[in-house]
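Visitor: Attaching a single structure in structure tokens format; questions to follow.
The values are calculated or read from the model by the stated rules, or taken from the named source; none is laboratory data. As the structure is a computational prediction, the values presented were derived from the model and not from experiment. When we count neighbours, we look across all protein chains shown, and the Cβ atoms used for this are built from the backbone with ideal geometry, even at glycine. Ligands, DNA and RNA are excluded from the accessible area calculation, which covers all protein heavy atoms including side chains. Shrake-Rupley method; radii C 1.70, N 1.55, O 1.52, S 1.80 Å.
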Amino acid sequence: EEPGAPFRFAPSTRILYDTRTAPRQIETTLAPMAGVLAQELELLTGILPSTAALATAGSPTANDIVVKFSTPEGEFAATEDLENQSYILASREEGMTITSAYSKGVSYGTASLIQSLREDKNGFNIAPMTITDTSDAPYRTVMLDLARQPHSIGVIQDTIRMARLFKIRSLHLHLTDDQNFTFPFPPVTGNIT
């Protein structure tokens, strides 16, 4: 936490997202991430912020959250496993910015934003701070053992939400201990010749 006034989340808050030309389609726009963040903020605050492209939204205002790409160092990563998924989150009274070279890093930054949200008598805010973060391991997963302990769909959904907040990239659903188990999936099993 740094000195200064906090970033204030308000009904006028917009999420402004970046777009770019990139060799991998998933890395061309942060629009889907802006939409997910808007829905998460609505769940927490009751306020659904609007989303808009950074290039066409005009200058960011004090209540805006900007999610944007930085320029990757060296060659553009050919696969997600080769990405530098670090990010920088900067929260100030005059606005908030989350920056990363790749969309996955921006996703991790939005998880940190959600974790940093607090409420006081004036509403929701985020303390003035700068977070520079990177993952220690490229492969992070959690396993849910459904073979030995059945869980409801709600537990699975909660596990997915928690994995996002803890920046865990993969969910392993252990469905059976039987080596001959086949998961009935008509589009696949119905087309085997």
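Visitor: Among Gly109, Gly123, Gly74, which one shows the biggest mean-square fluctuation in a GNM of the chain, springs joining Cα atoms closer than 10 Å?
Guide: It is Gly74.
Visitor: Given Cβ point charges of +1 (Lys, Arg) and -1 (Asp, Glu) and nothing else, what value in debye, to the nearest 20, does the dipole of the chain about its Cα centre take?
Guide: Using only the charged Cβ atoms, the result is roughly 320 debye.
Visitor: List the aspartates and glutamates whose Cα lies under 19 Å from the Cα of Lys167, skipping any in the same chain that are fewer than 8 positions away.
Guide: Glu27, Glu40, Glu80, Asp81, Glu83, Asp133, Asp136, Asp158
Visitor: With a/c under 1.5 counting as rounded, go ahead and sort region 93-180 into rounded, prolate or oblate using the C-alpha gyration tensor (a ≥ b ≥ c being the square roots of the eigenvalues; past the cut-off, prolate if a/b is larger than b/c, else oblate).
Guide: It comes out oblate by the Cα gyration axes.
Visitor: If you don't mind, there's one more thing I want to ask. Computed FRET efficiency, Cβ-Cβ of Arg20 and Ser59, R0 25 Å: what is it to the nearest 0.05? Write down the numbers at each step before the final one.
Guide: Numbers: r = 19 Å, r/R0 = 0.77.
FRET efficiency, Arg20 to Ser59: 0.80.
Visitor: Let me ask you something else. The chain: percent of C-alpha pairs farther apart than 32 Å?
Guide: 27 percent
Visitor: Still on this structure, please answer the following. Tell me the accessible surface of Glu119 in square angstrom (1.4 angstrom probe, heavy atoms of protein chains only), to the nearest ten.
Guide: Roughly 130 Å² of Glu119 is accessible to a 1.4 Å probe.
Visitor: Asp145 to Phe166: FRET efficiency via 1/(1 + (r/R0)^6), r the Cβ-Cβ distance, R0 25 Å, to the nearest 0.05?
Guide: Once rounded, the FRET efficiency stands at 0.85.
Visitor: What angle do you read, to the nearest 10 degrees and between 0 and 90, between the alpha-carbon axis of helix 153-165 and the longest principal axis of the chain?
Guide: Result, in degrees: 50.
Visitor: Sorting His174, His151 by accessible area (1.4 Å probe), largest first, what list results? Intermediate values should be presented prior to the final figure.
Guide: Values: His174 40, His151 70 Å².
Listed by decreasing accessible area, they come as His151, His174.
Visitor: Further, regarding this structure: What FRET efficiency comes out for Lys68 versus Glu2 if R0 is 25 angstrom and r is the Cβ-Cβ distance? Round to the nearest 0.05.
Guide: In this case the efficiency is close to 0.75.
Visitor: Still on this structure, please answer the following. Accessible area of Asp133, 1.4 Å probe, to the nearest 10 Å²?
Guide: 50 Å²
Visitor: Additional query: Using a 1.4 angstrom probe and counting only protein chains, how large is the accessible area of Thr132 in Å², to 10?
Guide: Looks like 100 Å² after rounding.
Visitor: Be a star and scan region 16-35 for residues whose amide nitrogen sits under 14 Å from the point 7 Å along the Cα-to-Cβ vector of Ser50.
Guide: 16-17
Visitor: Give the residue from Ile168, Ser50, Thr130 lying farthest towards the positive end of the charge dipole for the chain; charges sit on Cβ (+1 for Lys and Arg, -1 for Asp and Glu) and the dipole is referred to the Cα centre.
Guide: With unit charges placed on the Cβ atoms, the residue in question is Ser50.
Visitor: Over the chain, give the accessible area per residue in Å² for a 1.4 Å probe, as an integer.
Guide: Solvent-accessible surface per residue comes out at 59 Å².
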